[in-house]
Amino acid sequence: MVLSRKIAYINLSDASVRISPVPSDLRRKFLGGRGINMHLLSKVYSQELDPFSPENPLIFGAGLLTGTIGFGSRVNITAKSPESGHLGDSNMGGDFGAELVKAGFGHLVITGKSRRPVYLMVKNKQIEIRDAGTWKELDTVETQRAIRQALRDEKIQIACIGPAGENLVRYAAIRTGLKNSAGRTGMGAVMGSKNLKAVAVRGTLDITISDPNNCLKAYRLQLKKLMETKWVQALGKYGTPLLFQYANAMGFLSIRNNQSTSIGDQGYALEAEALEPYSTGMLSCFGCPAHCRHRYSLTEGRYKGTKGEGPEYASIGSLGTKLGNLDLENIIYATELCNRYGMDTISTGSYIAWAMELYQRGIIDRGMTETPLHWGDGKAILQLIHRIAHRKGFGSILAEGAFAKKIFKELSRDYLLDIKNFPIEMTDERLPKSFALGMATSTRGACHMRSRPSLDVLGLPEEVLKKIYGGPVSSQFSSYSGKGRMVWWHELLNAVCDSLGFCRFLTVFSSPHAPQYQQFSKLIGLSTGLAMTPRELKIIGERIYTLERMMLVRDGISRKDDTLPKRYFETPIPAGPAKGEVISSEGFDGMLDEYYRLHGWDKNGIPKRESLKKLGLSG
Amino acid sequence: MKIKVNKEKCSGCHLCEMVCSLFHLGIINSGRSAIHIKKDDLDTSLNTPLLCRQCREMKCLDGEEGGRHQEKKKFIWSYKRAKRCPFDALTILGGNAYHCDLCLGNPQCIKVCTPGALTLSK
Ligand code: SF4
Ligand code: SF4
């Protein structure tokens, strides 16, 4: 059944649904999830394609092994991004992906625009377009509850938008469960532009497994090895907030829009241990053995009665330190607001940080912002979140994201730390050079998760790194040497991981002993019967990444855009553990050269003809 | 022998359901597993793994003739028995109920339950 999952083409303009099989050569070339999504998007992607037009396809794609025993059950959501104006793609956990495949579908390609608010009901091989008029303006949790209640089925899984998506906030998210988000690149705004409030899925179909006994055996072995790693043990105990402490100690955290990079001892207030009093347990996404997600409850104080999941490191940084905000309860509440409205916490924090720095420097003033915008003012942050989601006053300007550059005028540009019109996150990459390159080359604009090249922070001997990466890589993470290779290697692995539906946390992310190609190959074979060698899988990773790059090339993107914010090159980190760190143009260019060469792209970052031919991407 | 549940520890991963159906039926289907996780993922209440408690007095077999010992070893039951279970412990899909046969002595679910919510009790 894994291989018989269907692609559904849904056009909301004429309410038509066409269901077709996934051709077997497409599976072999792109697996599923992100890979097949990219293939589908690339057919219509152009510089002229308006992200808010009916022609922009919103594509949901479950990984090839989503819903089976493996290392997660994730789904990718892909479209042209209204946030950056370039490639949009976001990956989401929770139980939605597994339910989609149980209903018999691997991919949904949604085009057109409905005149009235609608939702899709996907159930056991059937798809219906239904009226969603009564749910307009409900937040993302209310929407899910309302649909389950109306259909009297608690097992329905729902991906939906909230007011932010309906109001076309450019960084609106698509949400499922209490916290899971396809957060970055504004997929929720694309959904809103189609008048699509939700996709509800329910499935009870069997997922047939090619070799059940051996699959179970192989899985248990891989599981055992993974659970023995220190990384997964720590992740299961503390969740991603454990990374906050590390970033603060090393000095690669964003403080006040990257004006500094560590808050020293003040960091205790936001560390994983500080979350413990609020935590009521740890949760897993469907099919995940690691349980990295906090569930919390605020039982007293200003935000009494707030319950939810999270907050993750990315939100603590983006709505916390990046805004000079060290009030953990405020951060938890701000995160919950963003989740409810259906708005990416990382981008929301980044644009507010931009506005705060502009205010600090007097580039904008109260005439525009309506209220003072001081660093660390929790109340102002919450107010802005409300105003952005509803597009009220100054909130409506910030809802434009990086496109607000036009409104703020020339002087504002250098204070939005963005790459390819997409803001950097809760971190500062002047210290870890592999991360810096990965941000610059990511195919969805500034994103640490496209590559997340972090094995060089573990202090592994260089021989070990060489064995993993197939070439020399420096074990010093502030060194430029070999980091082009590292980024390239992780980009490929992560593209495969997203196409299988696996979670990056459970693959080579922070542990060299976690599953990778070898293990993937085994599980694919035993689950689906598809024989694929580790080498073939790596080539698939290159195919996907290069295809993504080709879409960017259509937008006119090249080497000149694979760069970092000015601040990274010009201003050494002023104080703290990473004091003095800065990116040298020479070092950066060296990494980029090595990186292009390994990808088979030319000096200008354009994939070479022969590389495209080898990957089967020409014509 | 039975599977002991500590719901405080359950992460809601559904891995137990997947391996239960895979082991018995060679397919993956949470709806056709003897164990199922009751979960309200929109609230912050606990997840509750439900499965046969291996009761001494089997209410589920009320009014039926024949050997309990034999029935205990069967995985697929009629849904009617599930209706008689005072704990609503069995999974029902279509006309069938799915009953924990303890994998005939080699329980699978506990091996993948990483938080330790499922353990074997003699
Ligand atoms: S395997 Fe354990 S943690 Fe996962 S759902 Fe089952 S009982 Fe809960
Ligand atoms: S012991 Fe076996 S039959 Fe019983 S719930 Fe666990 S996996 Fe299913």
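Suppose we filter region B:5-20 for residues that are assigned to a helix (DSSP H, G or I) and either of a type in the set (Lys, Arg) or more than 8 Å from ligand 2 (Cβ to nearest atom) (or both); how many remain? Of the residues in region B:5-20, 6 are assigned to a helix (DSSP H, G or I) and either of a type in the set (Lys, Arg) or more than 8 Å from ligand 2 (Cβ to nearest atom) (or both).
Across region B:81-91, the number of residues qualifying as crowded, with 19+ Cβ neighbours inside 10 Å and either within 14 Å of chain A (Cβ to nearest Cβ) or over 13 Å from the mean Cα position of the chain (by Cα) (or both) comes to 2.
Every test in (1) assigned by TED's automatic domain parsing to the domain that holds A:GLY342; (2) in contact (Cβ under 8 Å) with a residue 40 or more places away in the chain is passed by A:LEU235 save one, and that test is (1).
I'd like to check something: does region A:414-426 contain any residue that is without any contact (Cβ under 8 Å) to a residue 60 or more places away in the chain and crowded, with 19+ Cβ neighbours inside 10 Å?
As a first pass, look at region A:414-426 and keep what is without any contact (Cβ under 8 Å) to a residue 60 or more places away in the chain: none.
So far as region A:414-426 goes, no, none of its residues is without any contact (Cβ under 8 Å) to a residue 60 or more places away in the chain and crowded, with 19+ Cβ neighbours inside 10 Å.
B:LYS2 satisfies every condition listed in (1) within 15 Å of ligand 2 (Cβ to nearest atom); (2) surrounded by fewer than 21 Cβ atoms within 10 Å (Cβ to Cβ); (3) within 14 Å of chain A (Cβ to nearest Cβ) except (3). Pairing residues of region B:95-108 that are away from chain A (no Cβ under 14 Å) and part of a strand (DSSP E or B) with residues that are aromatic (Phe, Trp, Tyr) and more than 16 Å from ligand 1 (Cβ to nearest atom), at Cβ distances under 7 Å and at least 6 apart in sequence or on separate chains, gives B:ALA97/B:TRP77; B:ALA97/B:TYR79. Taking region B:1-57, which residues are in contact with a Pro (Cβ under 8 Å, 6 or more places away or on another chain), β-branched (Val, Ile, Thr) and under 18 Å from A:ASP211 (Cα atoms)? B:ILE27, the sole residue that qualifies.
Kindly check whether there is at least one residue in region A:555-562 that is part of a loop (DSSP other than H, G, I, E, B), free of Cβ contacts under 8 Å to residues at least 60 places away in the same chain and under 23 Å from A:ILE540 (Cα atoms).
Residues of region A:555-562 part of a loop (DSSP other than H, G, I, E, B): A:555-558, A:562.
Imposing the further condition that a residue be free of Cβ contacts under 8 Å to residues at least 60 places away in the same chain reduces the set to A:558.
Going one step further and asking which of them are under 23 Å from A:ILE540 (Cα atoms), we end up with A:558.
Scanning region A:555-562, I find at least one residue that is part of a loop (DSSP other than H, G, I, E, B), free of Cβ contacts under 8 Å to residues at least 60 places away in the same chain and under 23 Å from A:ILE540 (Cα atoms), so the answer is yes.
I'd like the residue in region B:22-40 that is part of a loop (DSSP other than H, G, I, E, B) and buried (at least 23 other Cβ atoms within 10 Å of the Cβ) and, out of all such residues, is nearest to ligand 1 (Cβ to nearest atom). Result: B:ILE35. Taking region A:151-226 as the region of interest, the strands (runs of 3 or more DSSP E) fully inside it that hold 1 or more residues being surrounded by fewer than 24 Cβ atoms within 10 Å (Cβ to Cβ) and over 17 Å from the mean Cα position of the chain (by Cα) are A:196-202.
Between B:LEU61, B:LEU15, B:LEU50, B:LEU25, the distinction of being modelled with pLDDT of 95 or more and away from chain A (no Cβ under 11 Å) belongs to B:LEU50 only. Put simply, of B:VAL19, B:VAL5 the only residue that is farther than 30 Å from A:VAL141 by Cα, among the aliphatic types (A, V, I, L, M) and within 15 Å of ligand 1 (Cβ to nearest atom) is B:VAL19. In region B:51-79, the residues that are on the phi > 0 side of the Ramachandran plot reach residues that are at pLDDT 90 or above and among the charged types (D, E, K, R) with C-beta atoms within less than 7 angstrom, at least six apart or across chains, in these pairs: B:GLN54/B:LYS2. As a summary of the residue check, B:ASP40 satisfies the conditions (1) touching a residue at least 40 places away in the same chain (Cβ under 8 Å); (2) of a type in the set (D, E, K, R); (3) within 14 Å of chain A (Cβ to nearest Cβ) except for the one numbered (1).
Taken residue by residue, region B:72-80 has no member that is in a loop (DSSP other than H, G, I, E, B), surrounded by fewer than 13 Cβ atoms within 10 Å (Cβ to Cβ) and either within 16 Å of ligand 1 (Cβ to nearest atom) or within 14 Å of another protein chain (Cβ to nearest Cβ) (or both).
If I ask for residues that are within 14 Å of chain B (Cβ to nearest Cβ) and surrounded by fewer than 19 Cβ atoms within 10 Å (Cβ to Cβ), which ones from region A:124-147 would you list? Steps first, please.
From region A:124-147, those within 14 Å of chain B (Cβ to nearest Cβ) are A:124, A:138-147; that's our starting set.
Result: A:ASN124, A:GLU142, A:ARG145, A:ALA146.
Select from region B:102-122 the residues that are out of contact with any helix residue (DSSP H, G or I) (no Cβ under 7 Å at 6 or more places or on another chain) and away from ligand 1 (no atom under 13 Å from the Cβ) and write down the one among them that is farthest from B:GLY31 (Cα to Cα). Quick ask: steps written out before the conclusion?
Pass one, region B:102-122, residues out of contact with any helix residue (DSSP H, G or I) (no Cβ under 7 Å at 6 or more places or on another chain): B:102, B:104-107, B:110, B:121-122.
Within this subset, residues satisfying the condition of being away from ligand 1 (no atom under 13 Å from the Cβ) are B:102, B:104-106, B:121-122.
Values: B:LEU102: 18, B:LEU104: 20, B:GLY105: 22, B:ASN106: 21, B:SER121: 25, B:LYS122: 27 Å.
Per the criteria, the residue is B:LYS122.
The values are calculated or read from the model by the stated rules, or taken from the named source; none is laboratory data. Note that the structure is predicted; figures quoted are calculated from it, not measured. Positions of Cβ are generated from backbone atoms using ideal geometry, with glycine treated the same way; all protein chains shown enter the neighbour counts.
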